[in-house]
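The values are calculated or read from the model by the stated rules, or taken from the named source; none is laboratory data. Note that the coordinates shown come from a computational prediction; the quantities given were computed from them, not determined experimentally. Here the Cβ positions follow ideal geometry from the backbone for every residue, glycine too, while neighbour counts run over all protein chains shown.
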Amino acid sequence: MNFNFKRKVLKNGMVIIFEKRKIPVVSVGIGVRQGGINEFENEKGISHFIEHMLYKGTKTRTNQQIAENIEKNGGDLNGFTSEEITAYWCKMPSNKLKIALEVLTDMVKNSVFDDGELEKERKVIFEEIKMRKDNPHIFVLDEIQSNLYEGTLGLPVIGDEKTMKSINREKILKKFEEVYKPNNLILCVVGDADFEELVKFAEKNFGNEKGKTFEQKIKLKNQEKILKRKGIDQANLIFAYHVPLSHDKKSYAARVLSSLMAGGMSSRLFQEIREKRNLAYGVSGYSEINNFFAYNSIYVGTTPENVKKVKELILEEFKKIADGFEEKELLEIKEKLIGNYYISQEDSQGQMVNLLVNELEGDAKYFYEFEKNINSVKLEDVKEIAKNAVEKFSFLALVPE
């Protein structure tokens, strides 16, 4: 497949990435090289707090005007914070591209962080923390990192009540002014637009200020933990294991293994745990693989008395792969992943996120090498990662009290 992709690094360090599409829609995102991984433990959640505040008003727009400028022109507006990036995006009719660029630029340059709005938004984040904690599935997905990493990565990217109470306007402004500079920004557009016009807009509207970010040293660990909670009937468990970082070609073997084990209804563990034994409703797999940290995880929702059995079945399946995984099955999984890769590009907003994330790996063009990298995965590399998962893993279960 041919991709109409362009990329340019401006003199100020800002990166412009673009994929041309003929449909009259554009997805526009500004990514900031700042996330939970760049935070100290006592400020965990500050990147996410800043993300919320950028929608609350600038020097020239109120929070309502920010939303209206996008939505009354037919667009959607949102953002997200992860461990590696904070991003602000909107999806618009392509003839409204200028409005999208102006609003997002205003947000990342001119947000005012009004004290009253800040205190109101703090309450909103407290509710978001409660919402994630109250949902057992989301809770264990968040909590498993505390079994895999020491320090800041062991804390949720959203922060907790203690850190949220300690983050004031002064700390937010300091972080914003340190980080939100052109050399830490990525402008990504997917859709019907002109690349040279995007470059001209960025060169005109962003100066030469230099920002900084702080990267924490990652400390790995493996831990098993059983947590009890009143008011739930089902046990929610996560099995997780460290895998190679994204700049290592073997990281693609880890993606193959994740799909093989718990990627959909045809996966080994879905078939073994749900279809053959009826031990669970939900069986799913997740991969968190980037240049800073990487792990695969498997989620299962089951009855409390079956937690031990499900864990044994997971380990048994990994042992089978380590001992007897064959080329035919590998080829089938490769075909599945490559198909999923192309499907993921159907929506311009999803593709915009794909390119932003791959730019963090060094160059967004790496995204287009996915098929080649998956096809290069060797049988022995998948078996080796499976063997390591049996020997060193983390396990977390939230069970009824």
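Quick look at the values:
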{"read-out": "Residue ID - farthest from the chain's Cα centre (by Cα), chosen from residues in region 1-13 that are surrounded by fewer than 16 Cβ atoms within 10 Å (Cβ to Cβ) and not in a strand (DSSP E or B)", "value": "K11"}
{"read-out": "Qualifying residue in region 128-148 (condition: out of contact with any helix residue (DSSP H, G or I) (no Cβ under 9 Å at 6 or more places or on another chain), hydroxyl-bearing (S, T, Y) and either farther than 16 Å from F49 by Cβ or assigned by TED's automatic domain parsing to the domain that holds A280 (or both))", "value": "no"}
{"read-out": "Residue in region 173-193 that is surrounded by the fewest Cβ atoms within 10 Å (Cβ to Cβ), counting only those that are more than 14 Å from N38 (Cβ to Cβ) and of a type in the set (A, V, I, L, M, F, W, C)", "value": "L173"}
{"read-out": "Residues within region 319-361 that are acidic (D, E) and outside any helix (DSSP H, G or I), tallied", "value": "4"}
{"read-out": "Residue in region 368-383 that is over 30 Å from E401 (Cα atoms), of a type in the set (D, E), out of contact with any His (no Cβ under 6 Å at 6 or more places or on another chain) and not in a helix (DSSP H, G or I) present", "value": "no"}
{"read-out": "Yes/no for K308 being in a helix (DSSP H, G or I), touching a helix residue (DSSP H, G or I) at 6+ places or on another chain (Cβ under 7 Å) and basic (K, R)", "value": "no"}
{"read-out": "Test: residue in region 53-73 that is within 22 Å of S348 (Cα to Cα), without any contact (Cβ under 8 Å) to a residue 40 or more places away in the chain, touching a Lys or Arg at 6+ places or on another chain (Cβ under 7 Å) and surrounded by fewer than 17 Cβ atoms within 10 Å (Cβ to Cβ)", "value": "yes"}
{"read-out": "Positions within region 246-263 being assigned to a loop (DSSP other than H, G, I, E, B) and either without any contact (Cβ under 8 Å) to a residue 40 or more places away in the chain or in contact with a Gly (Cβ under 8 Å, 6 or more places away or on another chain) (or both), in sequence order", "value": "H247, D248, G263"}
{"read-out": "Residue match in region 193-200 (condition: among the charged types (D, E, K, R), over 15 Å from I385 (Cβ atoms), part of a loop (DSSP other than H, G, I, E, B) and assigned by TED's automatic domain parsing to the domain that holds S94)", "value": "yes"}
{"read-out": "Scan of region 289-307 for residues that are free of Cβ contacts under 8 Å to residues at least 60 places away in the same chain and hydrophobic (A, V, I, L, M, F, W, C), ordered by number", "value": "I289, A294"}
{"read-out": "Subset of region 141-151 that is at pLDDT 95 or above and in a helix (DSSP H, G or I) - its residue that is nearest to I218 (Cα to Cα)", "value": "L148"}
{"read-out": "Among (1) surrounded by 16 or more Cβ atoms within 10 Å (Cβ to Cβ); (2) assigned to a helix (DSSP H, G or I), the one test that L396 misses", "value": "(2)"}
{"read-out": "Residue selected from region 202-222 under the condition surrounded by fewer than 19 Cβ atoms within 10 Å (Cβ to Cβ) and more than 26 Å from the chain's Cα centre (by Cα), by the criterion farthest from Y149 (Cα to Cα)", "value": "K204"}
{"read-out": "Residue in region 137-160 that is over 19 Å from the mean Cα position of the chain (by Cα), in contact (Cβ under 8 Å) with a residue 60 or more places away in the chain and crowded, with 21+ Cβ neighbours inside 10 Å present", "value": "no"}
{"read-out": "Per-region count, region 14-26, residues crowded, with 17+ Cβ neighbours inside 10 Å and either outside any strand (DSSP E or B) or in the same structural domain as L356 (by TED's automatic domain parsing) (or both)", "value": "2"}
{"read-out": "Filter result (of a type in the set (V, I, T) and either closer than 26 Å to D160 by Cβ or in a strand (DSSP E or B) (or both)) within region 27-63", "value": "V28, I30, V32, I37, I46, I50, T58, T62"}
{"read-out": "Filter result (among the charged types (D, E, K, R) and either in contact with a Phe, Trp or Tyr (Cβ under 8 Å, 6 or more places away or on another chain) or not assigned by TED's automatic domain parsing to the domain that holds E84 (or both)) within region 40-55", "value": "E51"}
{"read-out": "Any hit, region 228-242, residues being in a loop (DSSP other than H, G, I, E, B), modelled with pLDDT of 95 or more and under 21 Å from D363 (Cβ atoms)", "value": "no"}
{"read-out": "Members of region 139-186 found to be of a type in the set (D, E) and within 28 Å of E209 (Cβ to Cβ), listed by number", "value": "E170, E177, E178"}
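Rundown of residues vs (1) more than 18 Å from the chain's Cα centre (by Cα); (2) under 28 Å from E150 (Cα atoms); (3) surrounded by fewer than 20 Cβ atoms within 10 Å (Cβ to Cβ), yes/no style:
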position: K276; (1), (2), (3): yes, no, yes
position: G282; (1), (2), (3): yes, no, yes
position: N296; (1), (2), (3): no, yes, no
position: N306; (1), (2), (3): yes, no, yes
position: K311; (1), (2), (3): yes, yes, yes
position: E329; (1), (2), (3): yes, no, yes
position: K365; (1), (2), (3): yes, no, yes
